[in-house]
Amino acid sequence: MNLSLRTRERLFAILLLAPTMVFVVLFAFYPIASSFYLSLHRIIIGLPGLGSRFVGLDNYRTLIHDQIAQKALINTLLFVFVTTFFEILFGLLIALLINQRFRGRGIIRASILVPWAIPTVVSSQMWRFIFNDKYGLINLILFGSDISRYKAWLAEPGYAFLAIIIADVWKTSSFAALLILAGLQIIPEELYLAAKVDGAGPWKRFTSITLPLVRPALLIALLFRTMDAFRVFDLVFVMTQGGPADSTNVLQFYGYKKIFAEGLMGYGSTISVLVFSLTFVISLLYIRMVGKRLTRGS
Amino acid sequence: MILMKRLQKIVFVSLTAWVVIVSLLPFLWMVMTSLKSEADITAIPPTVLPSLSLHFYSSAIADYNIFHYLKNSLIVASATTFITLMLSVFSGYALSRTRLGHKNIILGSLLLVSMFPQISIAGPVWRILYNAGWLNTYQGLIVPYVTLTLPLGIWIMTSFFRELPEELERAALVDGCSNIQTLFRIMIPLSAPGVFTAAILVFIYAWNEFFFALLIMTQRRFQTLPVGIAMFQGQYTIPWGEISAASVIATVPLVLLVFIFQRRIISGLSAGAIKG
């Protein structure tokens, strides 16, 4: 064993990383590749006798003409865009508020974290009940005891979609706020003092100091929120099951239904591949934008 | 000038109050619902104040067996946290304090793993577990959870280890410690605060996860709380009271964690994302 110190250190590092790599390769990288493979086959869970027949790009041809898939794609993109926009907006506002020094700041921060910590299934049931046509809080707030005007929010396409957006923005704005807060905290206090001395008002200080310096943190929050919004599933599963009339159907839910409810492992995998490719391209774009910052100091 | 300051303060306080109310009100409504009686809950328009009945809690426990789901959640979330943290300490150390090449590529690809929608791996993961006979077993759920939480754990541990002073290893080297001894005798004991922060976040993730739990645990015997709560069905109506009671039971541990460890959670989340 006459290895140099450096080689030994490297071998040790690889040894330490090995178990992690086993997990990641077996349960993340391999499944991604395998989804591609499966999407070229016709496989039906529950009919193992059928085997797995190679069908080339047939599943993709079906996908292109699948109107529900198109609707799910549009819904997903719309959901991602709208929720991310509002989450970053509210996140910035909340971050600016809790970055101030005041008494009881700890308690306030903790209460803002509550929506983030609640299991999504729980918050989905909660909002489903809040939007309920008979016993819901929204109807009570809007119409009081005038029960003739009570609405079945989740039974109308536009409102159902809006309800899911509200539930998501409520739950995750605080997470965006935390990421942005971390960016705010590294802005040196002296900059604001100097600007004050130079006679810059609060708005001027915000636009010429806070915004440019918090931009990297905003981008990171944007990346995390965008990627997470693509995963929307629990809300749809619990609140609407994709309805009414597929108005809240999203890719992750549609893929789940195809593979696991209908057993179409092959066709469902095309949706997996579509979702993967979409998010892969978007995340690469983001990472190029923020890459330097993410790997800073290493 | 003083007037201006006052006005600013009023705006600040009312905005903050508004944010807190919006954050807490929906959950408080659920807590109140869980404490209502059967008559309160079916009243139209809804009654606001509960009659502080524990009926729905006893029903959630006795009729819907909520403790059984709680037990499954505890087993899966604790095991996931333990395994993920062990591997994260090893990997975080390797990725921060050793002269290994391509560290950023490894960290970057781990980040990617944690970001893809679950559906892009769901089919094959299900097939692997099916072939292994691991559907409806604890390990069948723990293994994917470990995979999905490893990136978070490793990012937190990596950024934690990076901030420890460099002299530590040099001193250890001078004392004749091997790499393994340095890791186990010096670095791991020092990493306790980082481990604790990461553990809270990983535990919350595993406690809340629904998608894989739904696919993998199809038998009630192994289902975790989120699956149980999503599937709650009465014979004819939706049992809102029991759902609320079960939800409160599932959420209270997390709310406590948040109020006790608020500072750690915030620093952990931002370490994973910002400091890198």
Next on the checklist: Once each part is reduced to its C-alpha centroid, what is the distance from segment B:100-129 to segment B:1-58 in angstrom?
Outcome noted: 40
Checklist outcome for this item: For chain B, the longest principal axis of the Cα atoms and the Cα long axis of helix B:192-208 enclose an angle in degrees, to the nearest 10, of 40
Checklist entry - Using alpha carbons only, how many degrees (0 to 90, rounded to 10) separate the axis of helix B:138-162 from the longest principal axis of chain B? => result 50
Checklist outcome for this item: Which of A:GLY242, A:GLY268, A:GLY199 fluctuates most in a GNM of chain A (C-alpha springs under 10 Å)? That residue is A:GLY199
Checklist entry - Could you sort B:GLU163, A:GLU262, A:GLU9 by accessible area so the largest value comes first, with the probe set to 1.4 Å? => result B:GLU163, A:GLU262, A:GLU9
Checklist outcome for this item: Per-residue average of other protein chain Cβ atoms inside 10 Å, peptide A:5-15 -> 5
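Taking every pair of Cα atoms in the protein assembly as shown, average 1/r, invert it to obtain the Kirkwood radius, and report Rg/Rh to two decimals.
Answer for the protein assembly as shown: 0.98.
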Checklist entry - At 222 nm, what helix-only mean residue ellipticity would chain B give, in deg cm²/dmol to the nearest 500, using -39500 (n - 2.57) for each DSSP H run of four or more? => result -24000 deg cm²/dmol
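Could you order B:ASP63, A:ASP246, A:ASP58 by accessible surface area, starting with the largest, using a probe radius of 1.4 Å? Intermediate results must be reported in sequence, preceding the final value.
Details: B:ASP63 110, A:ASP246 50, A:ASP58 70 Å².
Correct descending sequence by accessible area is B:ASP63, A:ASP58, A:ASP246.
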Next on the checklist: Can you give the Rg/Rh ratio of segment A:1-156, where Rg is from the C-alpha atoms and Rh is the Kirkwood radius?
Outcome noted: 1.15
Checklist entry - Which of the chymotrypsin sites (Phe, Trp or Tyr not before Pro) found in segment B:161-265 are loop residues per DSSP with 14 or fewer other Cβ atoms within 10 Å of their Cβ? => result B:TYR236
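Which entries in the list A:LYS196/B:LYS9; B:LYS36/B:LYS71; A:LYS71/A:LYS257; A:LYS71/A:LYS258; A:LYS171/B:LYS5 go over 21 Å, if you measure between the two C-alpha atoms of each? Provide the component values of the computation, followed by the final result.
Details: A:LYS196/B:LYS9 18 Å; B:LYS36/B:LYS71 26 Å; A:LYS71/A:LYS257 15 Å; A:LYS71/A:LYS258 15 Å; A:LYS171/B:LYS5 33 Å.
Check vs 21 Å cut-off fails for B:LYS36/B:LYS71; A:LYS171/B:LYS5.
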Next on the checklist: List the residue ranges in chain A for DSSP H helices whose C-alpha atoms run 30 angstrom or more along the long axis and whose Kyte-Doolittle average is -1.0 or above.
Outcome noted: A:67-98, A:157-185, A:265-294
Next on the checklist: With N set to the number of residues, divide the alpha-carbon radius of gyration of chain B by 2.2 N^0.38 Å and report two decimals.
Outcome noted: 1.25
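The values are calculated or read from the model by the stated rules, or taken from the named source; none is laboratory data. Being a predicted model, the structure only gives us computed values, none of them experimental. Quick reminder, even Gly has a Cβ in these numbers, built from the backbone with ideal geometry, and neighbours come from all protein chains shown. We work out accessible area using only protein heavy atoms, side chains counted, and drop any ligands, DNA or RNA first. Shrake-Rupley method; radii C 1.70, N 1.55, O 1.52, S 1.80 Å.
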